[in-house]
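First up is the structure itself, then whatever we jot down about it.
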Amino acid sequence: LRAGLTGIAVATAIVAGIGWRSGDIPRPPLQPRPAAFSIWGVIYVCLGATVVALTRRSWAQADAFAGLLGASLLASAAWLWLVTRSRGASAASIVVAAACALLAVAMRRVEDPRDAWGWALAVGPGLLAGWLAVASVLGVLLGTGATRASPAWLLLPGAVVVAVSMYSRNPVPALVLLWAALYSEPSAAAVLGTASAIGTVGSIALLVQAR
């Protein structure tokens with residue numbers, strides 16, 4: 001049941017994004033270049049693998065994990081509808097989406113780097129969490145109508161991603177920050193790149209230590 005419901009949430013997010021055009025909204029400060037958003041295709045493919053893995057693995061927090069993942073996807077889909085209708089509600093929805101994805105990642109720690117199904121449960125949510133952490137800043141800036149913003153806005157989500165990556169021993173959310181950094185202005189890239197390096201190295205070190 002949890003795999004089916006998560007699959008429905010993934011499909012809903014995909015359908016919501018079909019035909020959506022970002023040209024209808026202003027570009028917020030700190031937004032990476034458009035090419036960075038191609039990561040969504042990879043996210044959805046990997047989340048498909050996560051849905052399959054949910055049919056193969058069960059653990060005490062599996063239902064909560066799937067519920068948080070589904071809530072994140074539905075909240076991010078809601079943002080697409082809200083962003084042209086309500087600035088406050090759209091900002092809240094993207095923050096909720098990021099928080100749910102990050103909590104889902106924290107609930108599924110990587111135990112064995114050789115476990116393919118374990119990675120199927122880790123990669124998709126990790127990609128989603130890392131990207132939505134960045135998107136939450138953009139959503140808040142867009143919701144407040146800001147036209148300029150300091151890269152310091154990225155410090156909080158960067159720190160949260162580092163903490164979640166290291167706690168879960170999952171380097172994927174931190175690696176997403178590097179992807180965003182590659183398409184960002186230099187000052188923002190410095191913040192994102194530093195957080196990515198700390199989170200990636202730290203999570204891998206903890207994973208190796210846990211073996």
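Out of the range 108-121, which residues are farther than 15 Å from residue 203 by Cα, open to solvent by 40 Å² or more (accessible area, probe 1.4 Å) and part of a helix (DSSP H, G or I)?
Applying the first criterion (farther than 15 Å from residue 203 by Cα) to the range 108-121 yields 114-118, 120-121.
In the following step, the residues that additionally are open to solvent by 40 Å² or more (accessible area, probe 1.4 Å) were identified as 114, 116-117.
Scanning the range 108-121 gives 116, 117.
So is residue 81 open to solvent by 30 Å² or more (accessible area, probe 1.4 Å) and modelled with pLDDT of 95 or more or not?
Numbers: open to solvent by 30 Å² or more (accessible area, probe 1.4 Å): yes; modelled with pLDDT of 95 or more: no.
So residue 81 fails the test.
Scan the range 111-132 residue by residue and report those that are within 16 Å of residue 48 (Cβ to Cβ) and touching a Pro at 6+ places or on another chain (Cβ under 7 Å).
Within the range 111-132, just 126 meets the criteria.
If you take the residues of the range 15-58 that are of a type in the set (Val, Ile, Thr) and assigned to a loop (DSSP other than H, G, I, E, B), which of them is nearest to residue 117 (Cα to Cα)?
Taking the range 15-58 as the starting set, the residues that turn out to be of a type in the set (Val, Ile, Thr) are 15, 18, 25, 39, 42-43, 45, 50-52, 55.
Filter once more, keeping what is assigned to a loop (DSSP other than H, G, I, E, B): 18, 25, 55.
Values: 18: 29, 25: 39, 55: 10 Å.
Looking at the filtered set, the residue picked out is 55.
Quick test for you: out of 12, 6, pick the one residue that is open to solvent by less than 30 Å² (accessible area, probe 1.4 Å), modelled with pLDDT under 95 and assigned to a helix (DSSP H, G or I). Write out each step before concluding.
Working: 12 fails: open to solvent by less than 30 Å² (accessible area, probe 1.4 Å).
Step by step, each of 12, 6 is checked, and only 6 is open to solvent by less than 30 Å² (accessible area, probe 1.4 Å), modelled with pLDDT under 95 and assigned to a helix (DSSP H, G or I).
Checking residue 1 against (1) out of contact with any Phe, Trp or Tyr (no Cβ under 8 Å at 6 or more places or on another chain); (2) over 24 Å from residue 183 (Cβ atoms); (3) in contact (Cβ under 8 Å) with a residue 60 or more places away in the chain: exactly one of these is not met. Which one?
(3)
Anything in the range 150-174 that is closer than 10 Å to residue 105 by Cβ and outside any helix (DSSP H, G or I)? List them, or say none. Write out each step before concluding.
Step one: list which residues in the range 150-174 are closer than 10 Å to residue 105 by Cβ, which gives 161, 164-165, 167-168, 170, 172-173.
Listed by number, the list holds a single entry, 170.
Out of everything in the range 46-58 that is open to solvent by 50 Å² or more (accessible area, probe 1.4 Å) and in contact (Cβ under 8 Å) with a residue 60 or more places away in the chain, what residue ends up being nearest to the chain's Cα centre (by Cα)? Reasoning before the result, please.
So in the range 46-58, the residues open to solvent by 50 Å² or more (accessible area, probe 1.4 Å) come out as 52, 55-58.
With the extra rule that they be in contact (Cβ under 8 Å) with a residue 60 or more places away in the chain, the set shrinks to 52, 56-57.
Numbers: 52: 19, 56: 23, 57: 22 Å.
That would be 52.
Given the conditions (1) at pLDDT 95 or above; (2) open to solvent by 60 Å² or more (accessible area, probe 1.4 Å); (3) aliphatic (A, V, I, L, M), report the number of the one that residue 174 does not fulfil.
(2)
For the condition over 10 Å from the mean Cα position of the chain (by Cα), farther than 19 Å from residue 18 by Cβ and either assigned to a helix (DSSP H, G or I) or of a type outside the set (Phe, Trp, Tyr) (or both), what is the one hit in 134, 140, 105? First the steps, then the outcome.
Values: 134 fails: over 10 Å from the mean Cα position of the chain (by Cα); 105 fails: over 10 Å from the mean Cα position of the chain (by Cα).
Of the residues listed, the single one that is over 10 Å from the mean Cα position of the chain (by Cα), farther than 19 Å from residue 18 by Cβ and either assigned to a helix (DSSP H, G or I) or of a type outside the set (Phe, Trp, Tyr) (or both) is 140.
Part of a helix (DSSP H, G or I), free of Cβ contacts under 8 Å to residues at least 12 places away in the same chain and over 19 Å from the mean Cα position of the chain (by Cα) - does that describe any residue in the range 59-66? Before the answer, list the steps.
Going residue by residue through the range 59-66, those that are part of a helix (DSSP H, G or I) are 62-66.
This time we only want the ones that are free of Cβ contacts under 8 Å to residues at least 12 places away in the same chain, so: none.
No, the conditions are met nowhere in the range 59-66.
When the range 77-102 is examined, which residues are found to be outside any helix (DSSP H, G or I) and small (Gly, Ala, Ser)? Working first, answer last.
So in the range 77-102, the residues outside any helix (DSSP H, G or I) come out as 83-86.
Once the filter is applied, which keeps residues that are outside any helix (DSSP H, G or I) and small (Gly, Ala, Ser), the range 77-102 yields only 86.
The values are calculated or read from the model by the stated rules, or taken from the named source; none is laboratory data. Everything quoted here is computed from the prediction, not taken from an experiment. Backbone-built Cβ (ideal geometry, glycine too); neighbour counts: all protein chains shown. Side chains included, ligands, DNA and RNA excluded: accessible areas come from the protein's heavy atoms. Shrake-Rupley method; radii C 1.70, N 1.55, O 1.52, S 1.80 Å.
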